[in-house]
Amino acid sequence: MHIRVINPNTTRAMTDLIGRSARVVAARGTVVDAVQPTMGPASIESHYEEALAVPGILEQVTLGEADGVDGYVVACFGDPGLDAARELAAGPVVGIAEAAMHAASLVGRRFSVVTTLGRTRARARELAQRYGFADACLSVRACEVAVLSLDADPTGLARIVDECRSAVDDDGADAVVLGCAGMASWTSVIAGEIGVPVLDGVAAGTLLAQSLVTLGARPGAHDEYASPPAKPMAGLLAGFEIRPGAHLPTVRHAPVTRLEAVWP
């Protein structure tokens with residue numbers, strides 16, 4: 001099985017972190033590719049940056065289809081471009097917010113999300129509503145540490161732990177969802193500090209995509225998730241044109257980092 005984890009931003013260090021986090025949970029024989037676009041923002045912390053990240057995600061899905069990828073994980077908590085990616089992919093496409101919220105609902109009745117900047121809280125709320133978890137999502141808290149500062153800020157982890165603890169003690173959460181792929185490596189540390197399950201969407205998304213491939217579950221090929229209609233594209237998006245008789249655009253190939261699952 002071949003799962004491609006797409007970091008929608010263009011920061012290599014985060015792509016490597018995401019790849020390692022996905023590899024830890026991958027099943028025996030599963031190949032995990034951690035990739036990033038050749039275009040787009042260094043991090044995604046606004047609606048503007050999220051919109052500009054979508055072409056890069058679609059680029060990587062298109063390349064993945066040529067490489068025979070079985071399923072995809074979009075590793076940004078805003079779950080950008082999921083519907084568009086599902087129109088291009090033959091296999092399942094899973095967002096990390098989507099996956100983490102589903103996982104949290106299986107280990108507790110109510111959960112909280114702890115994210116990076118306060119300006120992203122409304123997006124997390126919007127996604128909880130879309131995925132059917134508006135009632136289960138008690139709160140969305142922000143640690144006010146920027147995505148690219150998560151590793152560099154010496155207070156970053158402590159601030160995340162504080163918000164997670166407040167979600168449990170003050171809000172009554174049974175589980176906590178980490179609202180950024182850049183927090184993926186801290187799941188067990190935070191869980192040990194606060195005493196409730198802590199869910200990371202990269203791991204949850206990898207496992208969910210893997211399970212859907214095993215089940216043979218694919219996006220519907222009719223109606224909303226049918227291949228996009230062929231039509232001209234102009235300017236910077238000319239390379240994304242889908243020509244008559246084709247179901248995918250033609251984009252240039254970009255290198256990937258291939259990470260095979262490692263078992264003890």
Requested in this report: Select from the stretch 111-121 the residues that are touching a helix residue (DSSP H, G or I) at 6+ places or on another chain (Cβ under 9 Å) and under 17 Å from ASP170 (Cβ atoms) and write down the one among them that is surrounded by the most Cβ atoms within 10 Å (Cβ to Cβ).
Outcome: VAL113
Query raised in the report: Does THR62 count as among the polar types (S, T, N, Q), outside any helix (DSSP H, G or I) and in contact (Cβ under 8 Å) with a residue 12 or more places away in the chain?
Result: no
Report task. May I ask you to list the residues in the stretch 122-133 that are among the charged types (D, E, K, R) and surrounded by 18 or more Cβ atoms within 10 Å (Cβ to Cβ)? Result -> ARG123
Query raised in the report: Among all residue pairs at least 6 apart or on different chains, which show Cβ distances below 6 Å where the first residue, located in the stretch 175-204, is in the same structural domain as ARG109 (by TED's automatic domain parsing) and within 19 Å of GLY108 (Cβ to Cβ) and the second is assigned to a strand (DSSP E or B) and of a type outside the set (A, V, I, L, M, F, W, C)?
Result: VAL176/SER112; LEU178/ASP200; GLY179/THR115; THR187/ASP200
Report summary line: Scanning the stretch 189-203 for residues that are of a type outside the set (A, V, I, L, M, F, W, C), more than 18 Å from the chain's Cα centre (by Cα) and not in a helix (DSSP H, G or I) gives GLY195, PRO197
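Condition check ((1) within 24 Å of GLN210 (Cα to Cα); (2) β-branched (Val, Ile, Thr); (3) within 17 Å of the chain's Cα centre (by Cα)) across all residues:
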site	(1), (2), (3)
GLY78	yes, no, yes
GLU98	yes, no, yes
LEU106	yes, no, no
ARG110	no, no, no
TYR131	yes, no, yes
THR155	no, yes, no
Report summary line: If we keep only residues of the stretch 150-161 that are modelled with pLDDT of 90 or more and over 14 Å from VAL177 (Cα atoms), then the residue surrounded by the most Cβ atoms within 10 Å (Cβ to Cβ) is LEU157
Query raised in the report: Restricting to the stretch 244-253, what's the tally of residues that are within 19 Å of GLY56 (Cα to Cα) and either modelled with pLDDT of 90 or more or exposed (fewer than 11 other Cβ atoms within 10 Å of the Cβ) (or both)?
Result: 3
Requested in this report: Return yes or no: is GLY216 under 30 Å from ARG28 (Cβ atoms) and either modelled with pLDDT under 85 or of a type outside the set (S, T, N, Q) (or both)?
Outcome: yes
Query raised in the report: Out of the residues in the stretch 134-144 that are farther than 19 Å from THR155 by Cα and among the hydrophobic types (A, V, I, L, M, F, W, C), which is surrounded by the fewest Cβ atoms within 10 Å (Cβ to Cβ)?
Result: ALA134
Requested in this report: Give me a count of the residues in the stretch 35-51 that are outside any strand (DSSP E or B), aliphatic (A, V, I, L, M) and crowded, with 17+ Cβ neighbours inside 10 Å.
Outcome: 1
Query - Flag if THR10 is of a type in the set (Ser, Thr, Tyr), farther than 26 Å from GLY220 by Cα and under 15 Å from the mean Cα position of the chain (by Cα) - result: yes
Query - Candidates GLY179, GLY201, GLY172 - the one that is in contact with a strand residue (DSSP E or B) (Cβ under 9 Å, 6 or more places away or on another chain), more than 30 Å from ALA27 (Cα to Cα) and modelled with pLDDT of 90 or more - result: GLY172
Report summary line: In the set THR38, THR62, THR30, the lone residue that is among the hydroxyl-bearing types (Ser, Thr, Tyr), farther than 18 Å from ASP16 by Cα, over 16 Å from the mean Cα position of the chain (by Cα) and in the same structural domain as ALA238 (by TED's automatic domain parsing) is THR62
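A quick yes/no check of all residues on (1) in a helix (DSSP H, G or I); (2) hydrophobic (A, V, I, L, M, F, W, C); (3) within 14 Å of the chain's Cα centre (by Cα):
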| site | (1), (2), (3) |
| --- | --- |
| GLY172 | no, no, no |
| VAL177 | no, yes, yes |
| THR187 | yes, no, no |
| GLY205 | yes, no, yes |
| SER211 | yes, no, no |
Query raised in the report: Counting only residues that are modelled with pLDDT of 90 or more and loosely packed, with under 10 Cβ neighbours inside 10 Å, how many does the stretch 220-230 have?
Result: 1
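The values are calculated or read from the model by the stated rules, or taken from the named source; none is laboratory data. Keep in mind the model is a prediction, meaning the values are calculated, not measured. When we count neighbours, we look across all protein chains shown, and the Cβ atoms used for this are built from the backbone with ideal geometry, even at glycine.
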